[in-house]
Amino acid sequence: MKQLSSFFSLAAFVLIALLPFSCVDEEEFDDSPQGNFEALWKILDEHYCFFEEKRAAYGLDWNEVHEKYRVRISNKMNRNQLFEVCSEMLAELRDGHVNLSTAHDFARYWHWHEDYPSNFSDTLQRRYLGTDYKIAAGLRYKILDDNIGYVYYESFNDGIGEGNIDEVISALMLCRGLILDIRNNGGGQLTNAERLAARFLNETTTVGYLCHKTGTGHSDFSSLKEQRLSPSSNLRWQKKVCVLTNRSVYSAANEFVKYMKCSPHAIIVGDKTGGGAGMPFMSSLPNGWAVRFSACPMFDVNRQSVEFGIDPDVAVSITDADFLRGRDTIIEEARALLVSP
């Protein structure tokens, strides 16, 4: 399988799996505050994919959540009041992929990274990148003064072509090692994650697993489907690479870290990632509000969920002392690892 042609096959896999369950029966709920609330709860109840993981992690009981918020619903409430209650209910899932979208607001859950140290500073990064760095599509790169290559990829929504990656690898080929910084990368297109990760593999590799809902029960899932990534036929990196992470690495960026964990050259350095291991899907309420939710769970090579994040190989945080000295502790740790035998 070429480079996980998987984004397209995975998207089709999820769509086909969910088509029979894509939305609630339009005749079952009317366009009233009560009807929209019940429709929202049921959509998640039947199609959300992490109820068991959330129950184990912090005791989530979706039926109790229903009762907790149902009593706050009145058909006399206005749209802002309804949106507030629905948003608070969705926040009980503690999932950055769960959103409620309207013309007037967008409900989101950001505590998956807000309650943790940022472990990234634009001010510090400017000291390392300077103003003479090069830009290849979504990649910013330069050679640091100790002949270590540094690449920053801010978002997997920023497209990168095979030619862009070839140019970056060619420019950094004689470096002692490579720092690939994806801190604060909130995700984007899986195809970009796969395309970049393929430059760090030398053989077709199982990089994880996924499955899909097969029914409306919280535990109704298919068997695990293997995710395999093939090495790029273009230039590939053959030296050590340190991938820098923090809690704001999420979704497709979290998947990229999962892939890189399988590379023989990679060392994950920094903080635990933010997670987000559910392929999102969309549905709608009777009033037209759109709801997005995690529908297709993904797992690492050990068949363990990465919804709650991926631990680094080397855990490092930016210290106050280093920050005051203009040093990024995580970058400096990566530099030391790359020059060590």
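The values are calculated or read from the model by the stated rules, or taken from the named source; none is laboratory data. None of the values given here were measured: they were computed from a predicted structure. So basically every Cβ, Gly included, is an ideal-geometry build from the backbone, and we count neighbours across all protein chains shown. Heavy atoms of the whole protein, side chains included, go into the accessibility calculation; ligands, DNA and RNA do not. Shrake-Rupley method; radii C 1.70, N 1.55, O 1.52, S 1.80 Å.
Points to keep in mind about this one:
Matching residues to (1) closer than 25 Å to GLY188 by Cβ; (2) open to solvent by less than 90 Å² (accessible area, probe 1.4 Å); (3) touching a Phe, Trp or Tyr at 6+ places or on another chain (Cβ under 6 Å):
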| residue | (1), (2), (3) |
| --- | --- |
| PHE50 | yes, yes, no |
| HIS66 | no, yes, yes |
| TYR69 | no, yes, no |
| ASN75 | no, no, no |
| LEU93 | yes, yes, no |
| VAL98 | yes, yes, yes |
| HIS104 | no, yes, no |
| TRP112 | yes, yes, no |
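- Selection within the stretch 286-306 - of a type in the set (S, T, N, Q), touching a Pro at 6+ places or on another chain (Cβ under 8 Å) and open to solvent by 10 Å² or more (accessible area, probe 1.4 Å): SER305
- Filter pass, GLY186 being under 26 Å from VAL316 (Cβ atoms), modelled with pLDDT of 95 or more and open to solvent by 10 Å² or more (accessible area, probe 1.4 Å): yes
- Residue within the stretch 215-236 that is at pLDDT 95 or above, basic (Lys, Arg) and in contact with a Phe, Trp or Tyr (Cβ under 6 Å, 6 or more places away or on another chain) present: no
- The lone exception for GLY274 - which of (1) out of contact with any His (no Cβ under 6 Å at 6 or more places or on another chain); (2) buried (at least 22 other Cβ atoms within 10 Å of the Cβ); (3) within 23 Å of PRO117 (Cα to Cα) it fails: (1)
- Within the stretch 159-177, tally of residues that are open to solvent by less than 60 Å² (accessible area, probe 1.4 Å), over 17 Å from ALA198 (Cα atoms) and in contact with a helix residue (DSSP H, G or I) (Cβ under 8 Å, 6 or more places away or on another chain): 1
- Remark: ASN246 falls outside the filter, which requires a residue to be more than 24 Å from the chain's Cα centre (by Cα) and among the polar types (S, T, N, Q).
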